[in-house]
Amino acid sequence: MTRGPVVTLDGPAGSGKSSTARAVAEALGFLHLDSGALYRALTYALLESGVAPDRWPELSEEALRALDVRAIQSGGEVCVEVGGRAVDEELRTPDVTEHVARLAGLPAARRALIDLQRSVGERGNLVADGRDMGTVVFPDAEVKVFLVADLEERARRRLRETGTPEPSRETLSDQMGKLGARDRQDSERAVAPLREPEGAQRIDTTTLDFAEQVAVVVDLVRRLTPS
Ligand code: CDP
């Protein structure tokens, strides 16, 4: 069976991957997979289950699968569920954000989530964003994008998103420290580290506004996947 195109967007935290991927998917009529939400859902489920984070490395793939994280397709959306309940805001709490990169570095966690991600992409017509979409999960994707932006700009965006449009110097540098630490954890880990996929189109979004960055990716997809 021939499938539709798969578009991957990888990049560091705050580069605008998820919001760009969602808007690009909408413009093209494709599904959007936010793979970070699955890692966040597994982190949320573990925090809820009360297993101490320093014991997470001992958990097997089966134990992690038993936490019942699912990606449910309904209409054009992919909804994340934990134990049959839709989760969304729960995934963005500081507690989840603080622990997610630790979980994402565990091979068992990555194995527990890979089939879920691939099954969403089975029929193509998908925009998937994350850290290893073009390198590990969808290595045959028709279009691979690597989004980058300066650390300071990424920190400003993250603060704007969370209600601090005019941060003090101290708040800004604190946020830069947090994003920088997560970048290092994501790039230096042994399994599926964040790196630019071979053959990817690198887009620096530092000086682009949101509409511009969406338009650049949509144009790229139209150019590379003539219908
Ligand atoms: O939105 P933000 O970039 O802050 O994070 P996210 O996309 O929600 O991903 C949260 C974390 O999940 C990342 O820092 C990675 O540690 C992990 N992740 C991953 O390892 N692989 C992916 N494909 C997606 C996310």
Query raised in the report: In the chain, what % of DSSP beta bridges are antiparallel (nearest 5)?
Result: 30 percent
Query - Charged-residue dipole, Cβ positions (Lys, Arg, Asp, Glu), segment 1-120 about Cα centre, Debye nearest 20 - result: 380 debye
Query raised in the report: Longest segment of the chain with no GluC sites (Glu not before Pro) in a DSSP loop having at most 12 other Cβ atoms within 10 Å?
Result: 1-121
Report task. Could you please put 133, 176 in sequence from largest to smallest accessible area, using a 1.4 Å probe? Result -> 176, 133
Query raised in the report: Using 18 Å as the cut-off for backbone N distance, which residues of segment 103-147 belong to the label zone defined by a point 7 Å from the Cα of residue 70 along Cα→Cβ?
Result: 112-122
Requested in this report: Compare the Cα positions of 38, 53, 23 along the charge dipole of segment 13-75 (+1 at Cβ of Lys, Arg; -1 at Cβ of Asp, Glu; about the Cα centre) and return the one farthest towards the positive end.
Outcome: 23
Query - the chain: most fluctuating residue of 182, 169, 111 per GNM, C-alpha cutoff 10 Å - result: 169
Requested in this report: Give the relative contact order (percent, whole number) for segment 15-100; include only Cα pairs under 8 Å separated by 6+ residues.
Outcome: 33 percent
Query - Approximate spin-label separation residue 58-residue 118, in nm, with each point projected 7 Å along Cα-to-Cβ - result: 3.1 nm
Report summary line: Here the net charge surrounding residue 81, from other residues whose Cβ is less than 9 Å away from its Cβ (Lys, Arg +1; Asp, Glu -1), is +1
Query raised in the report: Rounded if a/c is under 1.5, else prolate if a/b beats b/c, else oblate: with a ≥ b ≥ c from the C-alpha gyration tensor eigenvalues square-rooted, which is segment 141-227?
Result: oblate
Requested in this report: Leaving out ligands and nucleic acids, note down the accessible area per residue over segment 107-225 with a 1.4 angstrom probe, in whole Å².
Outcome: 53 Å²
Query raised in the report: Between residue 85 and residue 219, 0.36 nm times their residue separation minus their Cα-Cα distance comes to what?
Result: 44.6 nm
**Report entry** Value of relative contact order over the chain, rounded to a whole percent, pairs C-alpha under 8 Å and six or more apart
**Finding:** 34 percent
Requested in this report: Under 1.5 on a/c is rounded, so check that first for segment 17-167, then, if it is not, pick prolate when a/b is larger than b/c and oblate when it is not; a ≥ b ≥ c are the square roots of the alpha carbon gyration tensor eigenvalues.
Outcome: oblate
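The values are calculated or read from the model by the stated rules, or taken from the named source; none is laboratory data. Note that this is a predicted model, so its numbers are computed, not measured. Here Cβ is always computed from backbone atoms with ideal geometry, including for glycine, and neighbour counts include all displayed protein chains. These area figures cover heavy atoms from the full protein model, side chains too; ligands, DNA and RNA do not enter into them. Shrake-Rupley method; radii C 1.70, N 1.55, O 1.52, S 1.80 Å.
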